[in-house]
There are 4 protein chains.
Amino acid sequence: MAGSTFGELFRVTNFGESHGPAIGCVIDGCPPGLALTEADIQPELDRRRPGTSRHVTQRNEPDTVEILSGVYEGLTTGTPICLLIRNTDQRSKDYGNILDTFRPGHADYTYWRKYGLRDPRGGGRSSARLTAPMVGAGAVARKWLRQAYGTEFRGCMTQLGEIDIAFEGWEHVGHNPFFAANASQIAQLEDYMDSLRKAGDSVGARIRVEATGVPVGLGEPLFDKLDADIAYALMGINAVKGVEIGAGFRSVAQRGTEHGDELTPEGFASNNAGGVLGGISTGQDVVASIAIKPTSSIRSPKASIDRAGQPTTVETFGRHDPCVGIRATPIAEAMLALVLMDHALRHRAQCGDVALPIDPIPAHR
Amino acid sequence: MAGSTFGELFRVTNFGESHGPAIGCVIDGCPPGLALTEADIQPELDRRRPGTSRHVTQRNEPDTVEILSGVYEGLTTGTPICLLIRNTDQRSKDYGNILDTFRPGHADYTYWRKYGLRDPRGGGRSSARLTAPMVGAGAVARKWLRQAYGTEFRGCMTQLGEIDIAFEGWEHVGHNPFFAANASQIAQLEDYMDSLRKAGDSVGARIRVEATGVPVGLGEPLFDKLDADIAYALMGINAVKGVEIGAGFRSVAQRGTEHGDELTPEGFASNNAGGVLGGISTGQDVVASIAIKPTSSIRSPKASIDRAGQPTTVETFGRHDPCVGIRATPIAEAMLALVLMDHALRHRAQCGDVALPIDPIPAHR
Amino acid sequence: MAGSTFGELFRVTNFGESHGPAIGCVIDGCPPGLALTEADIQPELDRRRPGTSRHVTQRNEPDTVEILSGVYEGLTTGTPICLLIRNTDQRSKDYGNILDTFRPGHADYTYWRKYGLRDPRGGGRSSARLTAPMVGAGAVARKWLRQAYGTEFRGCMTQLGEIDIAFEGWEHVGHNPFFAANASQIAQLEDYMDSLRKAGDSVGARIRVEATGVPVGLGEPLFDKLDADIAYALMGINAVKGVEIGAGFRSVAQRGTEHGDELTPEGFASNNAGGVLGGISTGQDVVASIAIKPTSSIRSPKASIDRAGQPTTVETFGRHDPCVGIRATPIAEAMLALVLMDHALRHRAQCGDVALPIDPIPAHR
Amino acid sequence: MAGSTFGELFRVTNFGESHGPAIGCVIDGCPPGLALTEADIQPELDRRRPGTSRHVTQRNEPDTVEILSGVYEGLTTGTPICLLIRNTDQRSKDYGNILDTFRPGHADYTYWRKYGLRDPRGGGRSSARLTAPMVGAGAVARKWLRQAYGTEFRGCMTQLGEIDIAFEGWEHVGHNPFFAANASQIAQLEDYMDSLRKAGDSVGARIRVEATGVPVGLGEPLFDKLDADIAYALMGINAVKGVEIGAGFRSVAQRGTEHGDELTPEGFASNNAGGVLGGISTGQDVVASIAIKPTSSIRSPKASIDRAGQPTTVETFGRHDPCVGIRATPIAEAMLALVLMDHALRHRAQCGDVALPIDPIPAHR
């Protein structure tokens, strides 16, 4: 209600601040009997963590996860799973210069106006660091969905600033710091980032994220539609300004004769829907794209005001990602996994595990 | 939980099917003491209702709203407000041909797979007709927000199929059937729609919706962010495939030096943020855009399957909007109003009605 | 949130006032495929309705239920079921004398203080009449639970004022106006009520309610315990001042050697637990008792104040039950059914429909 | 939803097991600006903790609380407050003998049946130890309510087994290990406990808990009534089998002329209501009583079954409270505080902080 719990039946309650003693989350509603250790979670956190290339913040944070509860002898017990991540590199003095001013494009101003006070250290609660526990919770959801349905998640960067990134194959994603499904444009992207960093500026990105092996029938009409919940989950990631499902904004100029995905006994013939019709999964791949704005913490000076309302100029030093989108892919995958996990549990609450009346048509991918 | 209630503190529970005896909603959590009669609600329903121009479905439905509870001597009492709208024009036989087949791009298939059965009359629960009660509830929210803060809502169509609609002024919106903020392109739009209808095809649209006079501080980190909740609300409208806040997908190619809205003692100098930073309202106008896909019920034949999984061809007759986006503007305004209303109540729950520590900087519009 | 929705997964949203045009509820989350018509619901409403004996209010209200949505061709579709009950006998002038004063022991005062205004007609929203839609929703839950698990509900009055009512057998409950499981004391109870009515006074009652055929494993630790939710549901019935599970207050003076129900291969050897251990159902009968206070609307004069805070005297005429407990049995059964229904869905969300690791031990009844 | 979060607007998410590495909770929705340190919380935990007299478990656990988030420079920031309590004395081997059997009257059996597995160490999640984080969260609520309204909480044991404990004055509660509002019966209670312990048996208790300085108007009709939420909160405490508000079960035998609390310009003339009418607070003291069953873990042998369903005998050694009611008073106070806190926030969400239309009548205490 006050915004720190995600999900209805697979509920993740997030806590912590960027520079407090720890961040973490409590997962409530996880089915019992899932084999789970830190080793299932740590690899996803490692994909997201800072300090892994020169294009992301040099804050050096191991992000080691500890399971505090909810697991006994290697199996989930059905009770809350608390994941704890200690903050180890807090160098708060780097942020001293922003205590009394508001970075343009940053939540500094709104937090202060909403609550009347704010924790300025590293962005406090508004830091993208708070996505780490969600990536951890997402790893739990991913494991359960994989075992239950064979559902898998993947994502890639499709645009960096003005540069469109051609899709060359999913196998490339793990081999470059941008999560690009591409091998031939990496040097171009690296040069682009280097020049940005030199200029003290930042840039946006577009990320595509998908789920495969999705059961038919997930999503609730009228309001907890699967696509509406995906939009909610992805728009809630720091710096996201737009969300598309399937054909997204391209569907505006499409005709009905073109857009509607035809059904055949072998499956859907196309996937403009992005795997969701009427808010309910079709069994096709669920496909979403997000727009990420440029980082607001930049070295270049911008006009702002101070807490007294007086004009001032803000330049932000410290260790900031020049493109927050670079680390957004595993985050978006995790959020998509959390949405599907929640809807899988909701579905079986109302409709049970019973067999559906006919065999599913094979899903088009 | 099962998807029929919208909102946390200003909760709207929607019920009904397109061709059942009635549709409606129950609003729980409305503040007491608001002057309210059907006359406050009916005009908004009239803006949305079918049969008002040749470009929308000719289903002739007066959509007369009746307040069944929650109001005593013209004032809300703080108890649930039930709005009832009788269905009067149900011509169900028009849909007889779709009982056993699935329209490509339509929820026919997913409803049937999820529940094992479906009400096919007029799309049943998946019909856009179910947005009518939300427009009714939105009218209540709009009245309260207007009185409390001076908040107002407006929207317009900015693209119809391939045609960009130039913004000429809000005053034009009420004078054409497209909700276009434009006077000079109307004939072009009408010709376009006429040819589409003749071709038995349909097309998408892009809608822009705004709130003005928004208080600073609405929205909850980490998950019930104002923009995330707007994305959820708008993506949940029938046929929506994309949502943008502020600069939206344009922000991908922006630099940080360009995107971040500078603050001045006179207010923000621009509004790339769309009125939301860190998930919390800035006091600027809240601005969102949505992509609406083309109607899936079209006369042109498309390949599909029947309930036995056998191939077939579907052509949909009956009275359908060739562009569902045409009537989407008042719906999107209503959903935006419901989100802001809910967050206004949430904010005062946690932070009270107390004065904020400094005078707000004037909002840039 | 504002108190008009009951349940988490089988959600019942209640609306209406005693003397408005209608009362009703919207049930969201009902599993699809349940055969349902008004004939499944009306008999339970008839058990609760006024005017059936001289010991209850003579308000003559048929309480005819109408299903407005969620059912197609006699089967639930998984979408919201709206139940509507028109108010037909509203004789509001009977209550004219209470507009400006507050009945001692009644919600008149608190409603007015909470909301700043109130609907005084027939108690408005605080009327026990609002339990009718819950009895209707309870009938839906009962039918589903009966089919799924063989669960049944029953209840009886065990005390009327000072008179303990001996348990002679469940078969007697339907044959007297008190829902007494007793045939020999009925004349005594009738005389007692007649003298009360003559005296212009009222009296309390104790009701026992049970569920049989309850699956093992319903209830969530730590907070949504089955017994906690039962306490919540029953304490929320108008005029209830106490709730017991199993041995209840008797357990205070019991020793551990006496209280703990021993387990045998044939089942539990006793049922002090009332069918719940650690907040989770044991498979035994779930047994609860409630205390109902005497009706506050009585003819005998009592001291009170008026809206200006001045002392006055209140005597309530009009048609009131001299013992609200008389009609409480079917209400308590319905609320218990709604709790179990909700927990049945919650359980299968987290734990699935899968078989449990060993055969259940037979339940002691 | 899965039972680990308490409250709607002041939400407390509890995690941990009796013998895991830590227990704790996350408080979401706390108003910003409240001065808060561990020193505000630790004294309440100390009132509840084990090892403080020979009549409670000798488990020696300091229960030191650590604030991990949500506080900056000594003030709450409005973001989640994580309270962590490390488990230091876990001697799990004491419980080895209960791994394969089920203690009569204990949650061993139901946990195992619900989830298919259980954490047996110290009762795992079903341990009363999990009330410690709630006492911590309650301390936060108490501080805020005290500052906002002057609300205070107090409680006492009113019955131990067969022994009624006379009320001699609140000042005695802190001076004996039983939380008895009594000085003259302490020796009797100590002898009683000593003989029980010698007999290897346990006994129940009755606890009374009160709030003073309660604002008028808290509580939501129809379902989130203040008394219903109190019943839910108190019945959810380990081992509670009954809850009463005000006159409770005594009201069954009362007449309307006796029960209804008369209003005078100086306040209510009595408090049979226990401070709640129609589910809404009257401004009087809120008064509730609970029945606590005898501890199920006792040395005396009882019949049971093992996991294979075979008959066996269970004797529980280890360190158990012979009367869990002895430490229940601060827990019940905390749960009552959490309910009132939540309703205070809910009330101002819907009704605002605005002045009520007339001065309150003074509350009778």
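Per-structure values
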{"quantity": "Fraction of beta bridges assigned by DSSP in the range B:105-220 that are antiparallel (%, nearest 5)", "calculated": "90 percent"}
{"quantity": "At most 10 other Cβ within 10 Å, DSSP loop - chymotrypsin sites (Phe, Trp or Tyr not before Pro), the range D:1-104", "calculated": "none"}
{"quantity": "Ranked list, fewest to most other Cβ atoms within 10 Å of each Cβ, for A:H259, B:H347, D:H175", "calculated": "D:H175, B:H347, A:H259"}
{"quantity": "Proportion of all alpha-carbon pairs of the range D:1-112 beyond 24 Å (%)", "calculated": "39 percent"}
{"quantity": "Cβ-based net charge around A:V240, under 11 Å, with every Lys or Arg adding one and every Asp or Glu removing one", "calculated": "+2"}
{"quantity": "In Hz, Karplus ³J(HN,Hα) per residue of the range B:8-14 (6.51, -1.76, 1.60; θ = phi - 60°; x = Gly, Pro)", "calculated": "9, 10, 10, 9, 10, 9, 9"}
{"quantity": "5 angstrom amide H check on D:R299, placed H, neighbours 5+ away", "calculated": "D:T316"}
{"quantity": "Efficiency of FRET between D:S300 and C:T37 - r from beta-carbon atoms, R0 56 angstrom, step 0.05", "calculated": "0.50"}
{"quantity": "Whole-angstrom Cα spans of the protein assembly as shown along principal axes, big to small", "calculated": "85, 65, 64"}
{"quantity": "Chain A - percent relative contact order, Cα under 8 Å, separation 6 or more", "calculated": "21 percent"}
{"quantity": "Average projection area in nm² (convex hull over Cα atoms of the range B:180-316, one quarter of hull surface)", "calculated": "12.8 nm²"}
{"quantity": "Amide hydrogen neighbours beyond the local backbone of C:D306, cut-off 5 Å, H modeled", "calculated": "C:T312"}
{"quantity": "Alpha carbon centroid spacing (whole Å) that separates the range D:166-213 from the range D:284-353", "calculated": "17 Å"}
{"quantity": "Label zone at A:H175, where the point sits 7 Å out along the Cα-to-Cβ direction: the range A:185-223 residues whose backbone N lies under 19 Å", "calculated": "A:185-191"}
{"quantity": "Mean separation of Cα contacts under 8 Å (6+ apart) over length of the range A:1-125, as relative contact order %", "calculated": "26 percent"}
{"quantity": "Residues C:L226, D:L189 arranged by fewest to most Cβ contacts within 10 Å", "calculated": "D:L189, C:L226"}
{"quantity": "HN-Hα J in Hz across the range A:273-279 - Karplus 6.51, -1.76, 1.60, θ = phi - 60°, x for Gly and Pro", "calculated": "5, x, x, 9, 10, x, x"}
{"quantity": "Antiparallel %, DSSP beta bridges [both residues in chain C], to 5", "calculated": "100 percent"}
{"quantity": "Nearest residue to the symmetry axis between A and D, taken on chain A by its Cβ, in whole Å", "calculated": "A:T13, 2"}
{"quantity": "Diffusion constant of the range D:132-208 at 10 °C, which comes from Stokes-Einstein with the Kirkwood Cα-pair radius and 1.306 mPa s, µm²/s", "calculated": "112 µm²/s"}
{"quantity": "Fewest-first sequence of A:D227, B:D194 by Cβ atoms within 10 Å of each Cβ", "calculated": "B:D194, A:D227"}
{"quantity": "For B:G352, inter-copy label distances in nm, listed shortest first [label point 7 Å out on the Cα-Cβ vector]", "calculated": "1.6, 5.1, 5.3"}
{"quantity": "Rg/Rg_ref, chain C, where Rg_ref = 2.2 N^0.38 Å and atoms are Cα", "calculated": "1.02"}
{"quantity": "Separation in nanometres of the label points that stand 7 Å from Cα toward Cβ, at C:E258 and D:E162", "calculated": "0.8 nm"}
{"quantity": "Average projected area [Cα convex hull, the range A:96-148], square nanometres", "calculated": "4.8 nm²"}
{"quantity": "Across the identical copies, how the C:E38 labels are spaced - nm, sorted shortest first, 7 Å along Cα→Cβ", "calculated": "2.2, 6.4, 6.6"}
{"quantity": "Descending semi-axes in Å of the range C:53-154, equivalent ellipsoid built from Cα gyration tensor", "calculated": "34, 16, 15"}
{"quantity": "Whole-Å semi-axes of the range B:226-283's equivalent ellipsoid (Cα gyration tensor)", "calculated": "24, 14, 7"}
{"quantity": "Distant-in-sequence amide H partners of B:T158 (H built 1.01 Å from N, under 5 Å)", "calculated": "B:R206, B:I207, B:R208"}
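Each reported figure results from applying straightforward, stated rules to the coordinates on display, with no laboratory input. Source: prediction; values computed, not measured. Please note: Cβ atoms are built from the backbone with ideal geometry, for glycine as well, and neighbour counts cover all protein chains shown.
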